[in-house]
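Every read-out reported here was derived from the displayed coordinates using simple, explicitly stated rules and does not represent laboratory data. Model, not experiment: these values are computed from the prediction. Every residue, glycine as well, gets a Cβ built from its backbone with ideal geometry; the counts of neighbours run over all protein chains shown.
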Amino acid sequence: MPVSRKTSRKGSRSKKRPVNWKLRLVLIFGSVPLLYLGYLYFLIVHNFEGRRWALPASVYARPLELYEGMTLHPRQLINELERLGYRYTVSPDQPGSYGRQDDVFYLTTRPFIFWDSTEPSRQYRVTYSGGVIREIIILSSNKRPGVLRLDPVLIGKIFPAHHEDRILVKIDEVPERLIQALITSEDRAFYDHHGIDIRAIFRALMVNIKAGETLQGGSTLTQQLVKNYFLTSDRTLWRKANEAIMAIMLELKYDKGEILESYINEIYLGQDGKRAIHGFGLASQFYFNKPLSELRLPEIATLVSLVRGASYYDPRRHPERTLARRNLILNLLAQLGKIDKRYAETAKVSPLGVVPKYDGLVIDAPAFMDLVKRQLRRDYHPEDLSSEGLRIFTTFDPYIQKVTEASLAGRISQLEKDFASVPKNLEGAAIVTDSNNGEVLAVVGGRNPKFAGFNRALDAVRQVGSTIKPAVYLTALSMPEKYNLGTILEDSPLTYQTHDGEWKPRNYDDKFHGNVPLYQALIHSYNVPTARMALDIGVEEVIKMIRQLGIRRALTIYPSIVLGATPLSPIEVAQMYQTMASGGFYMPLRSIRAVLDVNGEPLSRYPLSVERVADPSATYLLNWTLQKAVSEGTGSVLYNQIPDELQVAGKTGTTDDLRDSWFAGFTGNYLAVVWLGMDDNSPANLTGATGALRVWGDIIGKLDAVPLVLERPAEIENIIVDNDTGLPADDSCFSTSVLPFIKAYIPEEQAPCAGGVRGNVIKKIMDWFK
Amino acid sequence: MVNQMYRLLILCLASVYLSGCASPSPAPVEERAAATVVNPYVLPKQQARAIPLEENGSSSSYSSENNDRSNDSYSGGFTDDRSSGDTGGNDAVISLLELSEKQESVGRQDAAAATLERALRIQPQNPVLWQRLAQIRLNQGQLDQADGLAAKAMALAANNPKLRSRIWQLVADIRRGQGDIEGERAALVKSSELSGD
């Protein structure tokens, strides 16, 4: 079949050949250049406008908000301003600058577009007294702003595969000085030529012949831009000719402003590991840690120096070369009358002022970024994340992250030193959240927080031990007709028949304590009465509560789960405690507040949401007991580290053979979960109190924690109960406690001692003394 | 066939080239404009226009007309002694409440909610803020959210019968939205009991 077709074609062609042959030749030779030009045109136009710059997503920390009455150490404010690259100066009147006179700060903020409103640039006076902000004044109007919201610190970026990074700027945002310097240094005839500058090429040729080496390039900015689009090191004449043709084409199609804007955003200006620094917008941040609009003359000249070779003139590696080139540009500007001579001289003696790499630019917190990315991947395509220039506003707190990292690493090393039994390579994880709204403030995935590997805070799924017990007790307290804090539980040998054998729970101290009130059993973390109570209630009910508290993982219905024989990750434990901290309201942990698109339009918000999952009164009783667990029970060593006024509610957790050490707890503003253990699940030889609790204390001790004052629901009343029976008592009973009860469920039956003989005897004795 | 395609391609490219030369089209600028507005830091000169609106424009008249209201309806959250988690900042919270109402009044419900969240970070135990957030969610038709937020407000307003009465009123509205007539009636009863009527 194919053969026959071929022959038939040949036949038809051969007939026409005499007519077509010449025409074809003319067409081919005549059209080749045209075709080629068309091709070049297509290439350059496609690059200039067809290609959208793939913009990495920017990830921001929470913005710091200042207000009168706020406790914020001045050092923390300075830290934040430094991370943001605010310049310390005696006259802080430019955006992104600040000054200080003892307790008074003067600062001019940067304008910033947030998801809910735009913060204008303003000059403020912030007055401190005793570590508390006393007054904030807007200098222009002498008014008090209520809240001063700073711009947020950039904590990371999500890159496309080629790792090109840039911050796009519009031509009218570019300082006039930069354009002047660029044109002066690179292409003085920019506004006059049509893409190529014959005189400049000739001049460069002469200079280079004279010197015997390549000193000058005759390329116009337009040619340089074209060259940047097709970055190759290949320097052939053919290449140059192509570039020249494309440069002319660009000039024909676009105006000077468009070409300049494209140049300013495209040009390669440095390298940061895999990340390629493109454009002046990003270079300004990369080298000076401030936006382009805040650059001063010498800094502008420095950036323009880099155009000639970002690596050769790298101001961090070859400051002397950069300085020479910068000063040359400053001289040229003065010679051409673009700037005042004296101004140039002052600029020439100023230091380069380049910030150390990474310092303040990108905060390295891989474990937190991991959490952010996981949340984003649920809602966005990976390509959009790395190319659409999204702005992601997170809940990250740089200061708390730093404290948490240092506390975990420091305490782990200390434990290894202090206890011979603690193995080397002990690992750990920690999470800190805002106990009132579920925002994740810090995540540390291991003792080496800069290692972006195994993120233990999210992925170390380990037995939780007694940290699960609050869920068991909340299940019980949610049945107020049956259980209250005084309910007597039996702590005596227990054997439970399961389908694959007997379960005989034991207490940590291997003793039995007879009859114990419910709250005491939790305070001292007794296993046997907890297990007995849970079996009474039903394991399914307890599991239901664990789920309501926010655990989404599939749980096996097995009795030992009520003593924590179930694996969870630290972040899951944090979620469970978050629900308790918020008084029985489930609040999903959130690491992102909002995502904006490239134009600042909101794409998605992750708002605060609450769902009532447990009775607030029952949760109050639980949290009251967890405060006692720290002040009187298993967590009491915490108050060797931090003040007991904080009234922390928390719970230790220790697993079989001391494999896992947990502490989870909350103050009035922070919730933190710490886990310590070995990656291979071998014994760490630490209890919750000897290990994780100490890290927890280290973290909270360095934060501005406020006491946990439980809001007592209207349904709660404090009553005196008899310790032996858990029934309402009066002062004729010897051994009593004051416990909170749900009013409607206070037992009607009085304790035997109440109003009884013993009471009368005491009364008589007391009477004798009168 | 192949010939024709070549010819077509040549023609196409040539025409593109020629048209490009002949008429420099302004269109690409517009397209690019969308992609170039990336810098979240706005220019001071652009801001200069925005400031008067925010600072002078409606603000002064707004706050004066609002004085009684802040004394009345906000007082619930502020007269009580400071609860745990709250770090002062009454003025800050009032200014954010005002901003939130302003945003709400121009239909920016999500922004209004975000502003209330800022206030809640300062005073997480202030029931008025939770109540306001619940109200916004109700207005947006997010009844489940409104329900949870109202319950949270209620749990924090234990010692403030007047505020509890108002929250029950809100709960009644939510119940009505949910089609729960019985629940609505019960909530209204509670509301009037607490208001002492």
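Tabulated values for the structure
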quantity: Long pairs among A:Lys469/A:Lys702; A:Lys253/A:Lys290; A:Lys402/B:Lys102; A:Lys651/B:Lys152, criterion Cα-Cα beyond 26 Å; calculated: A:Lys469/A:Lys702; A:Lys253/A:Lys290; A:Lys402/B:Lys102
quantity: Acute angle (nearest 10 degrees) that the helix A:757-769 long axis makes with the longest principal axis of chain A, alpha-carbon atoms; calculated: 80 degrees
quantity: In Hz, Karplus ³J(HN,Hα) per residue of the range A:109-115 (6.51, -1.76, 1.60; θ = phi - 60°; x = Gly, Pro); calculated: 7, 8, x, 8, 8, 9, 5
quantity: Rounded if a/c under 1.5, otherwise prolate or oblate - the range A:403-702, Cα gyration tensor axes; calculated: oblate
quantity: Loop-located chymotrypsin sites (Phe, Trp or Tyr not before Pro) in the range A:452-483 whose Cβ has at most 16 other Cβ within 10 Å (DSSP); calculated: A:Phe454
quantity: Cα gyration tensor shape for the range A:471-586, rounded if a/c is under 1.5, else prolate or oblate; calculated: oblate
quantity: For chain A: relative contact order, % (alpha-carbon pairs under 8 angstrom, 6 or more apart); calculated: 11 percent
quantity: Amide hydrogen neighbours beyond the local backbone of A:Tyr88, cut-off 5 Å, H modeled; calculated: A:Tyr98
quantity: For A:Phe451, net neighbour charge (Lys/Arg +1, Asp/Glu -1) across residues whose Cβ lies under 15 Å away; calculated: -3
quantity: Dipole magnitude of the range A:160-349 about its Cα centre (Cβ charges: Lys, Arg +1; Asp, Glu -1), debye to nearest 20; calculated: 620 debye
quantity: Degrees separating the helix A:176-186 axis from the principal Cα axis of chain A, which is the longest one; calculated: 50 degrees
quantity: Hz values of 3J(HN,Hα) by residue in the range A:592-598 - Karplus curve (6.51, -1.76, 1.60), Gly and Pro given as x; calculated: 10, 9, 7, 10, 10, 7, 4
quantity: Centre separation in Å (Cα based) which lies between the range B:103-152 and the range A:405-468; calculated: 35 Å
quantity: Within the protein assembly as shown, percent of DSSP bridges classed antiparallel, to nearest 5; calculated: 90 percent
quantity: Helix-only CD estimate at 222 nm, as mean residue ellipticity for chain A, using -39500 (n - 2.57) per DSSP H run (n ≥ 4); calculated: -12000 deg cm²/dmol
quantity: Cleavage-rule hits (GluC sites (Glu not before Pro)) in the range A:557-654: DSSP loop, at most 14 neighbouring Cβ within 10 angstrom; calculated: A:Glu632
quantity: On Cα atoms only, tilt of A:237-253 relative to the major axis of chain A in degrees; calculated: 80 degrees
quantity: Residues whose placed amide H lies under 5 Å from that of A:Leu603, excluding near-sequence neighbours; calculated: A:Val595, A:Leu596, A:Asp597
quantity: Prolate/oblate/rounded label for the range A:654-702 (Cα gyration tensor, a/c 1.5); calculated: prolate
